[in-house]
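What follows draws every value from the coordinates through simple rules; no lab data is involved. Every value quoted in this text rests on a predicted model; they were computed, and no experiment measured them. Backbone-built Cβ (ideal geometry, glycine too); neighbour counts: all protein chains shown.
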Amino acid sequence: MGADHPGEPDVASLFAPVAVEETFDGVLIEARQVLGDLDDPVDAELWGSDLIGALASSASGQASLMNTLTGSLVPAAETASTPEALALLRVFAAVGSSALRAAAGQAAARLHAHDVADPPWAGAIGAPRVGDCWHYADVGGRQESLTMSFAYGNRQHAVSVLIDHGRGGKIRDTWVTKGSGLRGDTEREAGRDPLVVFEMIDAAVARLRLERAIAAGECPEQPDQVDDVVAHRALLRARLDLLAAQG
């Protein structure tokens, strides 16, 4: 996961390159160890996005992975009928593909109806409030950093992508920052550099920019950029869908 979770196991090393269907026991162990101790919904989303990224290495593509999770891991989690299985379903219902979200959400509702204990963040996950959005870029327009902020109650977080326009507008890096004050800090820092342009944008414009970047593809170069892009891919698409739902 990200820098906020340096002590957590490396899910990629736990599950790759084993077939996705064979990872369920390991996934539940991870869920039991991690999800029960979280109280911020975005931390659960980050864990789930990282998990999906790790499992993607064992599938023939993102669509194939989502189909496998929908057809295999969701039914297995419902059959397990444990708190960690329900927590896993809640996470999939927040950061999965549309089909995975629907299947996981329905399975989670059935487990909840049978009195399986929900995690404390279950009622909020996947639906943060959309906040300020902004971007900044060098005056030559070669690279652009796009940031969208969100909040679960008074807990704020921001999702950022580095877009490389020299590579066709592809995503070079992705990261999540927790806490308030990021916009002001970024604006002040950009103001100190005459070669950087900072601009507030509304959520609809941010959605269009993010949509174009995701459609263009990915171009990470450094190992940490590769890890970041893979780990945040599912969360990034979930936030795009959330922005689209705002109209």
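I want to verify a result. In a Gaussian network model of the chain, Cα cutoff 10 Å, which of these has the top mean-square fluctuation: 234, 103, 190?
It is 190.
Report relative contact order for segment 57-176 in percent, whole number only (criteria: Cα-Cα under 8 Å, sequence separation at least 6).
That works out to 15 percent.
What percent does the relative contact order of the chain come to when contacts are Cα pairs within less than 8 Å and at least six residues apart? Please report the intermediate quantities before stating the final value.
Working: 403 pairs, mean separation 47.4, N = 247.
Normalised by residue count, the contact order of the chain is 19 percent.
Want the number for residue 224 to residue 72: 0.36 nm per residue separation, take away the alpha-carbon distance, what's left?
51.6 nm
Among the trypsin sites (Lys or Arg not before Pro) within segment 104-173, which fall in a DSSP loop and have no more than 12 other Cβ atoms within 10 Å of their own Cβ?
142
Tell me, in nm to one decimal, what length is gained between residue 127 and residue 82 on full extension, where the rule is 0.36 nm per residue of separation less the Cα-Cα distance?
Once the chain is fully extended between residue 127 and residue 82, it gains 13.8 nm.
Work out the length of the dipole vector of segment 20-170 about its Cα centre, built from +1 on the beta-carbon of each Lys and Arg and -1 on the beta-carbon of each Asp and Glu, and round it to the nearest 20 debye.
With Lys and Arg at +1 and Asp and Glu at -1, about 500 debye.
How many percent of Cα pairs in the chain exceed 22 Å? Write out the running numbers ahead of the final one.
Values: 16179 of 30381 pairs.
So the pairs more than 22 Å apart make up 53 percent of the total in the chain.
Whole-Hz Karplus ³J(HN,Hα) for segment 120-137, in order, using 6.51 cos²θ - 1.76 cosθ + 1.60 and θ = phi - 60°, x for Gly and Pro?
Residue by residue, segment 120-137 yields x, 9, 4, x, 10, 4, x, 9, x, 6, 7, x, 5, 10, 7, 8, 9, 8 Hz.
Kirkwood hydrodynamic radius of segment 93-158 from all distinct Cα pairs, in Å?
14.7
At a Förster distance of 30 Å, what's the computed FRET efficiency of residue 187 paired with residue 212, Cβ-Cβ distance as r, to 0.05?
0.80
Gaussian network model of the chain, Cα springs within a sub-10 Å range: biggest mean-square fluctuation belongs to which of 183, 90, 233?
Highest fluctuation among the options: 183.
Return the whole-Å distance between the Cα centroid of segment 87-117 and the Cα centroid of segment 187-247.
Distance between centres, Cα-based: 27 Å.
In whole Hz, what ³J(HN,Hα) sequence does segment 149-164 give by Karplus (6.51, -1.76, 1.60; θ = phi - 60°), x for Gly and Pro?
Per-residue couplings from phi come out as 9, 9, 8, 9, x, 9, 9, 9, 8, 10, 10, 10, 10, 9, 9, 9 Hz.
Based on the Cβ-Cβ distance of residue 110 and residue 178, what FRET efficiency does E = 1/(1 + (r/R0)^6) give at R0 = 51 Å, to the nearest 0.05?
For residue 110 and residue 178, the calculated efficiency is 0.95.
So for the pair residue 118, residue 29, with labels modelled 7 Å out along Cα→Cβ, what separation do we get in nm?
Once both label points are built, they end up 3.0 nm from each other.
Kindly list the residues of segment 90-130 that lie in the label zone of residue 64, defined by a backbone N under 16 Å from the point 7 Å along the Cα-to-C-beta vector.
Correct set: none at all.
Build a GNM of the chain with springs between Cα atoms under 10 Å: which of 180, 160, 149 gets the top mean-square fluctuation?
Greatest mean-square fluctuation among the candidates belongs to 180.
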